[in-house]
Every structure is written in structure tokens, then in C-alpha cells.
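Student: My questions all concern the structure below.
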Amino acid sequence: MFTTLQQWLSGWMWDWLAVLITLLIQAVVVILPIMIAVAYLTYAERKVIAYMQVRMGPNRVGPYGLLQPIADAVKLMFKEVVLPSQSNVYLFLIAPILAIAPAIAVWAVVPFAPGWVVTDIDAGVLYVLAVASITVYGVVVSGWASNSKYAFLGGLRSSAQKISYEIAMGFALVTVLMVADTMNLTKIVEGQQGGIWHWYLIPLLPMFVVYFISGVAETNRAPFDIAEGESEIVAGFHVEYSGMAFAVFFLAEYAMMILISYMTSIMFLGGWLSPFEGIPLLETLFAWVPPFFWLAAKVAFLLFVFLWFRATFPRYRYDQLMRLGWKVFIPLTIVWVFVVMLMHYFKVGPWFN
Amino acid sequence: MSFEQLVFYAFAAIAAFAGLMVITVRNPVKAALWLVLAFVSTAAVWILAEAEFLGLVLILVYVGAVLVLFLFVVMMLDINLAEMKEGFTRYLPIGVLVSLVVFGLIYMVVGPEHFGLEQFKPTEHGPDYSNTKEIAVPLYTQHAYAFVLAAVLLLVGIVAAIALTLRRRPPSEALYQDIDAQVRVRAEDRLTMVKIPAEVEPDLPENKEEEEGAK
């Protein structure tokens, strides 16, 4: 569809302008639904946590409080962005952009259904890992530019935490690559075809756990939200931000949550493949369900787990967090690389043949 | 102008500008951030040259890890800029001389007569050309020994870094967290359930002392 649009455009305008316009349209088509999903994820978070704590949650704006995220967004947009004195104004304002730009750029390679992908590149996994690693600058720069001790401590904590958990995450992805034999996200999903027992969840179960928990740590979510740590450092790196500048950090965090859920579903839970594949009666019964629905359902479940974690676990102490990353997850992933190697050698199960 | 050329010139200009800012900007934190920009735009240029693996690894390793640690250190330094600028005019002639010599050397090795599309025709690759595989096959076959040697070197570096920074002090000087003991702890170790018989206060007789005390 987009190639025909580009061809039609390049018929009567400059070549580069045609490409640029096509790229912009593609970006809007992907970013707009994600931003809407982010808005309603905040609503879902408040509702889910409220019900877990036997409260009602937002229920005033619109039916069941459904217009709450829109009201929040409008409120934040009209608030003043306060610039702290003695702060570095340029870096202070660039920091939220540094946080959100990678969180949006990653979606360029994420497939939503067969063929529903902006660019189907061969190094997809590496691209996601590389671009997601840039998000740390948003936190570090905001911490430094705010000229506030709390923000600075939050920035330092966050940078150390993200680097530590990125290693475990990268190794977990290495095992996925070893099973799938490709870095292309579409091909990784296609490799899991043939029923629920073909999903990489089964041979890589510990890696699934490591990847998802590292993802929680990467996005600075509870119980790993020591970068914010309300009880110790007020609100950490975004303590000096207000209005839309604060909202942008918020958007970036939630967009990264959705991304981690998408990546986990694609790499371990069979992406858009139906869980009833290969089961005689159920397969025909659910054949009408569009593939995107399955992916969305898996992502929604994982996002629910994110919120569930937040409502359940107390915040980790800093040294416990570092111990979990360096002394538990990284050795576990290295051991599992060798386990996968042996499984490869002995051609175990339906995954290696 | 094709779209690739537009992107190439944009990223090349950003990389050159950012590189210049790294060495001219005064604040070390800002210099490190300009270096990040230089790396990112260089990675983009590499990806345009069909070296997507190298480009992405550049971002992943240098931008995502090394420079964050770099910033980490630089942010905590308390640098006196005036002190650092001392003797600038004194060393300027030597600095200019050295930079000219280095520039001349680079010009001789990679000057315009060694470069350009005339000398090096870009090879056309098919759609299933994978840069990752092109790097991986020679790395693990032709250059396997050098690769292993580099790995051993890195291991020695890690061991040395840990050995240099490790200082175990006796427990009398510093408190250590014994996390294994903390994890192993159970509710019974910390908490004793005691059954205390309910104490029923006898009804107090109406007395005047209490009322007086309240006053």
C-alpha cells in the first residue's frame, strides 16, 4: 500500500520528498495508535491497582472514567513548564525528547501481524536492543540538567541499573537467536509456527522470566523503580519537571512498557500465532480470529502483569537490585546459552530440526 | 538528489559538527553528550553503507553502555575550568605544530587521491545480502585465533579491574550485607507470636482525684 503511494507521489514531485512524505505517513500510522494505547494504559493501571486495593479508581470523567486520560492530558498541556534556576535550560528541555524519541523509533521494526511492519529488517532484534539502550540518556541528562540533588541521584541510580539489566536482556536475546537462527522479528515468529508447543517459551522458559523481569527493570517500573524512589529521593530524575515536559517522560515510560510486552510476545509467546494451532477442533473454531488479535491479547496480558507487579511487590533495595542483575540473571543466562547449545547439538524437541 | 544522498549528507554534517563541538565545548558533560551525537550519526552513516551490524553494535556498545559510564564519571567530577586553561598560550605553538603534523599524516594516508567513488566502486548486493553473516564467517574461521586472543585480553582486563578495586575490609571497619542470610531468613526467626491474656480493667470507682487532675 505504501509503495504504491510512494510511486504515485514520485510521479509528480521530487524523489526524496515522496519518500519523506511516505515515511511521515507511516510514522503517524504507527505512532498514533501507540499514543492512544499509552493513554488508556494509564487508565488501566489506575483501575487495575484500584480494584486490587478494593477502591473504585477513576470514575468521574465520562462513563466509567473512560475520558480520564484525555482530561489528564489536557490538564498537563495547560500547565506551566517550570525551568529551575541555575539549571541547564537546553539540556533540561532536550532530556524528555531523548527519553521519548527512542521509545517511538523502536516501533519501526516491530511487526504487528503478517506483513504489518514498517521496515522488515534482518537485524531487527539488534535494532530494538540498540535503540532501546538510548533511552537511558533521557534519565541521565534530566538528572544532571535539573541542578537538583534528588534528580541527580535518580539519574545515577537509573544509569547503573539500566546498564546492568541490559546485559542480562541481551544474553536472553542471544538464546532466542540461537533457537530461531535469525534476527528478523517476522521470521522469529514464523519459526514458532505449528502449535503452542513450538513456542520458544518452552525451551527458553528461564530466559522468558529473565527477559521480562529485566524489562520491568529497564522501564524503571515497580518493584525496580529506585530511579524515582518517592520515599527516598522524592521523585528521582523528574522531580523538577512539570506540565508537558513531565508528561513526555510518562509517555516514554509507558511506550517502553508496551514495547517490552510486544518483544516478549514476539520472541517467546509466538507473536500473532494462535495458541490453538494444531489442536483439531479448536483450530477451526478460532480460525476467523485475525492474527493481530492474538498478539494484542498476549501483549495485554503481559501489561496486566506489569501492573500486577506494581500493586504486589515492595520496592527493591539498591544492593539487592544489583545482586539480582549481576549475580543471578547474568550467570543464569550464560548457563542457558550452553544449555541451548546442547539442545541444538542433540536436536531436542520440535524446536531444533 | 536521491533520498539516500539527502540522509547521508544530513548525518555526515551532523557527525562533523558534533565532532567539532566535542573538542571546543567547555563543559565536559556537554562534550560527552556531543560525542554521543557524533556516534549516533556515524552509526547512521555506517548503516547507509550496508554495515548495519557494525552500526547497531556501535550504538549498543558505545552509546548504550560505554558513554553512559563515561557520563557517570564526568558528571561527578568537580573540574575547575580556569585551572585547566592555565598555560594555554604557552603550549599553543606546540599544540598547533602537533595538530598540523597529525593532519598532514592523515592527509597523506587517506587524502582525496586515495578515496572517492572513482577508486572504490560500491559493490551492488542482492536483497538477501547479510552484513552480519559477512562479518561472522571470516571472524570465526580466518581470524579465529586473533578473536580468541582478544577475548582472553578482555578477560585479563576484567580480572585486573576487579582485583584493583576490590578491597575487603574486616567487619570491624565496614558493615557488609550478607544477602544470602537475608534471603534465607524466615518469619519464625524474626517474629515471635506471643499469646497475651486479655486484661480486663476493673471498673474504676468514681473518684474526685482524676477530675482534679484534669483541671
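Residues are listed down the side, and each one gets a yes or a no for (1) within 14 Å of A:Phe112 (Cβ to Cβ); (2) surrounded by 12 or more Cβ atoms within 10 Å (Cβ to Cβ):
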| residue | (1), (2) |
| --- | --- |
| A:Pro280 | no, no |
| A:Glu283 | no, yes |
| A:Ala287 | no, no |
| A:Leu295 | yes, yes |
| A:Phe301 | no, yes |
| A:Val305 | no, yes |
| A:Phe309 | no, yes |
| A:Arg315 | no, yes |
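Student: Further question on the same structure: Among the listed residues A:Trp308, A:Trp336, which satisfies the condition of being in a helix (DSSP H, G or I), over 20 Å from A:Met267 (Cβ atoms) and modelled with pLDDT of 85 or more? Break it down into steps so the answer makes sense when it comes.
Tutor: Values: A:Trp336 fails: over 20 Å from A:Met267 (Cβ atoms).
Going through A:Trp308, A:Trp336 in turn, just one is in a helix (DSSP H, G or I), over 20 Å from A:Met267 (Cβ atoms) and modelled with pLDDT of 85 or more: A:Trp308.
Student: Considering only segment A:277-290, how many residues are touching a residue at least 24 places away in the same chain (Cβ under 8 Å) and closer than 16 Å to A:His198 by Cβ? Let's see the steps before the verdict.
Tutor: Let us first name the residues in segment A:277-290 that are touching a residue at least 24 places away in the same chain (Cβ under 8 Å), namely A:277-279, A:290.
After this cut, where a residue has to be closer than 16 Å to A:His198 by Cβ as well, the list is A:277-279.
So the count comes out to 3.
Student: Can you tell me which residue among B:Val61, B:Val45, B:Val22, B:Val68 is more than 17 Å from the chain's Cα centre (by Cα) and outside any loop (DSSP other than H, G, I, E, B)?
Tutor: On the way: B:Val61 fails: more than 17 Å from the chain's Cα centre (by Cα); B:Val22 fails: more than 17 Å from the chain's Cα centre (by Cα); B:Val68 fails: more than 17 Å from the chain's Cα centre (by Cα).
Checking each option against the conditions leaves just B:Val45.
Student: Also: Read through the list (1) at pLDDT 85 or above; (2) away from chain B (no Cβ under 14 Å), then give the number of the only condition that A:Gly65 fails.
Tutor: Failed condition: (1).
Student: Given the conditions (1) crowded, with 20+ Cβ neighbours inside 10 Å; (2) more than 14 Å from every other protein chain (Cβ to nearest Cβ); (3) touching a helix residue (DSSP H, G or I) at 6+ places or on another chain (Cβ under 7 Å), and given that A:Val136 satisfies all but one, which numbered condition is not satisfied?
Tutor: Going through (1) crowded, with 20+ Cβ neighbours inside 10 Å; (2) more than 14 Å from every other protein chain (Cβ to nearest Cβ); (3) touching a helix residue (DSSP H, G or I) at 6+ places or on another chain (Cβ under 7 Å) one by one, A:Val136 breaks only (2).
Student: If you don't mind, another one. Go through segment B:16-60 and give me each residue that's within 11 Å of chain A (Cβ to nearest Cβ), farther than 25 Å from A:Ala145 by Cβ and without any contact (Cβ under 8 Å) to a residue 12 or more places away in the chain.
Tutor: Passing the criteria: B:Ile47, B:Val57.
Student: Among the residues of segment A:313-351, how many are among the hydrophobic types (A, V, I, L, M, F, W, C) and more than 14 Å from chain B (Cβ to nearest Cβ)?
Tutor: Kept after step one, since they are among the hydrophobic types (A, V, I, L, M, F, W, C), are these residues of segment A:313-351: A:313, A:321-322, A:324, A:326, A:328-330, A:332, A:334-343, A:346, A:348, A:351.
If we keep only those that are more than 14 Å from chain B (Cβ to nearest Cβ) as well, we get A:313, A:329, A:332, A:335-343, A:346, A:348, A:351.
Total satisfying the criteria: 15.
Student: Find all pairs meeting these conditions: Cβ atoms under 7 angstrom apart; at least six residues apart or on different chains; first residue within segment A:296-314 and closer than 14 Å to A:Val216 by Cα; second residue among the acidic types (Asp, Glu) and surrounded by 15 or more Cβ atoms within 10 Å (Cβ to Cβ).
Tutor: A:Leu307/A:Glu45
Student: While we're here: Suppose we keep only residues that are in a helix (DSSP H, G or I) and more than 21 Å from B:Trp46 (Cβ to Cβ) within segment B:126-146. Which one would you say is nearest to the other protein chains (Cβ to nearest Cβ)?
Tutor: Within segment B:126-146, the subset in a helix (DSSP H, G or I) is B:131-140, B:144-146.
Subsequent filtering for residues that are more than 21 Å from B:Trp46 (Cβ to Cβ) retains B:140, B:144-146.
Working: B:Tyr140: 14, B:Ala144: 17, B:Tyr145: 21, B:Ala146: 22 Å.
My answer is B:Tyr140.
Student: While we're here: Which of (1) surrounded by fewer than 19 Cβ atoms within 10 Å (Cβ to Cβ); (2) within 21 Å of A:Ile163 (Cβ to Cβ); (3) touching a helix residue (DSSP H, G or I) at 6+ places or on another chain (Cβ under 6 Å) does B:Val73 not meet, given it meets every other one?
Tutor: (3)
Residue by residue, here is whether (1) at pLDDT below 85; (2) in a helix (DSSP H, G or I); (3) over 19 Å from A:Phe249 (Cβ atoms); (4) in contact with a strand residue (DSSP E or B) (Cβ under 9 Å, 6 or more places away or on another chain) holds:
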position	(1), (2), (3), (4)
A:Trp12	yes, no, yes, no
A:Val28	no, yes, yes, no
A:Leu32	no, yes, yes, no
A:Leu41	no, yes, no, no
A:Lys47	no, yes, yes, no
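Student: May I ask you to say which residue of A:Tyr64, A:Tyr137 is part of a helix (DSSP H, G or I) and farther than 23 Å from A:Ile226 by Cβ?
Tutor: Details: A:Tyr137 fails: farther than 23 Å from A:Ile226 by Cβ.
That would be A:Tyr64, the only listed residue that is part of a helix (DSSP H, G or I) and farther than 23 Å from A:Ile226 by Cβ.
Student: For segment A:146-180, give me each residue that is within 11 Å of chain B (Cβ to nearest Cβ) and over 25 Å from A:Arg221 (Cβ atoms).
Tutor: A:Leu177
The values are calculated or read from the model by the stated rules, or taken from the named source; none is laboratory data. From a predicted model like this one, the values you see are computed outputs, not experimental measurements. All Cβ positions, glycine included, derive from the backbone under ideal geometry; neighbour counts span all protein chains shown.
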